[in-house]
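Only one structure is covered here, and it is reproduced in the block below.
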Amino acid sequence: MRIDLSGRTALVTGSTQGIGAAIAAGLARAGARVAVNGRSEGSVAAAADRLRAEVPGADVVPVAADVATEEGAARVVAALPGVDVLVNNLGIFGAAPALEITDDEWRRYFEVNVLAAVRLTRAYLPGMTGRGWGRVQYIASDSAVVTPAEMIHYGMSKTALLGVSRGFAKEAAGTGVTVNAVIAGPTHTGGVEDFVYELVDRDLPWDRAQREFMRAHRPQSLIQRLIEPEEIANMVVYLASAQASATTGGALRVDGGYVDAILP
Ligand SMILES: NC(=O)c1ccc[n+]([C@@H]2O[C@H](COP(=O)([O-])OP(=O)(O)OC[C@H]3O[C@@H](n4cnc5c(N)ncnc54)[C@H](OP(=O)(O)O)[C@@H]3O)[C@@H](O)[C@H]2O)c1
């Protein structure tokens, strides 16, 4: 299967590092013009430079804006009036005891992880349906289907994204636009190595360390290692492709079998 996204413009929110950066690289490698987004001019410019170095010839559009605000989203839409592929990747997470999560924190998780994606979908979906082609995606998490006791506000936001995705897929019915959620599992992103070495023997080489970590602390994983960001990106690139035209309204798992269920 050869995926060719040349002529398509993609926006990946929160793409200066981690899974978002890998998705931006994957889409660029497939030929798309890719808008890289983060909150500061500096981080976005540096990420755009890294992407151009990683994918020679990539057409990269740096867009610095806090997409969790109305003004930030409006700035993105002004800079990029039409996109063909919208990947709502931005997401924050952090542990907090359930009874100590304040109203403001609940609101912040909803606004950053859910409302930002809803707002951008509302801005871009009419253009996609008008042109008869488009791809909207939401990066969810295993926490969408197995609520983590240590961060129920995060779990709530990811569960909400599955409903948002299914709902907008219905809105786009019959238009040539597909809308899907990707359920990512535990992934090897920045900071994760430090976290792993806090829990296993510091002298172990990385590969053995992560396997020991998974065995002891994430035993449900069927791949028994962390997922590489590129593995999430591969699913996103496929869903963005012409070949994925019959996949919409779905929640696709790239969780290494972490969620112990047949369906998501
Ligand atoms: N990591 C995992 O194991 C894992 C597992 C399952 C699902 N996920 C999901 O995957 C997605 C990406 O996670 P990640 O771990 O790769 O994230 P990350 O490393 O924390 O990166 C977050 C990105 O978002 C940007 N950002 C943060 N707030 C922003 C805002 N308000 N507006 C625009 N950009 C903003 C950051 O850039 P600046 O700092 O430059 O603004 C950065 O590029 C999230 O939705 C997460 O819930 C992650």
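The values are calculated or read from the model by the stated rules, or taken from the named source; none is laboratory data. Predicted model, so just to flag it, every value in this text is computed and none were measured. Reconstructed Cβ throughout: ideal geometry from the backbone, glycine too, with neighbour counts over all protein chains shown. Ligands, DNA and RNA are excluded from the accessible area calculation, which covers all protein heavy atoms including side chains. Shrake-Rupley method; radii C 1.70, N 1.55, O 1.52, S 1.80 Å.
Below are the figures for this structure:
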{"read-out": "Potential extension, GLU111-ARG75 segment - 0.36 nm per residue separation minus Cα distance", "value": "11.3 nm"}
{"read-out": "Spin-label proximity, ARG166 to region 145-160 - amide N less than 18 Å from point 7 Å beyond Cα toward beta carbon", "value": "145-147, 155-160"}
{"read-out": "Kirkwood Rh and Cα Rg combined as Rg over Rh, evaluated for region 106-236", "value": "1.07"}
{"read-out": "Sequence of PHE195, PHE168 from largest to smallest accessible area, 1.4 Å probe", "value": "PHE195, PHE168"}
{"read-out": "Stokes-Einstein D (µm²/s) once Rh is taken as the Kirkwood radius of region 35-95 over alpha-carbon pairs, at 10 °C in 1.306 mPa s", "value": "127"}
{"read-out": "With DNA, RNA and ligands ignored, accessible area of PHE110 (1.4 Å probe; Å², nearest 10)", "value": "90"}
{"read-out": "Accessible-area value, HIS217, 1.4 Å probe, nucleic acids and ligands omitted, Å²", "value": "70"}
{"read-out": "Extension reserve of the GLU41-GLU193 stretch, reckoned as 0.36 nm per residue once the Cα distance is removed", "value": "52.0 nm"}
{"read-out": "Gaussian network model of the chain, springs between alpha carbon atoms under 10 Å - residue of THR187, THR13, THR102 with greatest fluctuation", "value": "THR102"}
{"read-out": "Rg/Rg_ref, the chain, where Rg_ref = 2.2 N^0.38 Å and atoms are Cα", "value": "0.98"}
{"read-out": "Area accessible to solvent at ASP260, 1.4 Å probe radius, in Å²", "value": "150"}
{"read-out": "Sorted largest first, extent of region 198-244 alpha carbons per principal axis (Å)", "value": "46, 20, 14"}
{"read-out": "Magnitude of the charge dipole, the chain, Cβ model with Lys/Arg +1 and Asp/Glu -1, debye to 20", "value": "980"}
{"read-out": "Virtual paramagnetic centre 7 Å along Cα→Cβ of THR102, amide N under 18 Å, in region 60-93", "value": "93"}
{"read-out": "Cα-Cα P(r), region 11-116, percent of pairs per 5 Å interval", "value": "2, 13, 22, 22, 16, 10, 7, 4, 2, 0, 0"}
{"read-out": "Choice from ALA140, ALA246, ALA32 with maximal GNM fluctuation in the chain (Cα, 10 Å cutoff)", "value": "ALA246"}
{"read-out": "15 Å beta-carbon shell around LEU115, net charge (K/R +1, D/E -1)", "value": "-1"}
{"read-out": "Solvent-accessible surface ranking, highest first, for ARG50, ARG135, ARG202 at 1.4 angstrom", "value": "ARG202, ARG50, ARG135"}
{"read-out": "Distance between region 8-54 and region 244-264 - C-alpha centres, whole angstrom", "value": "24"}
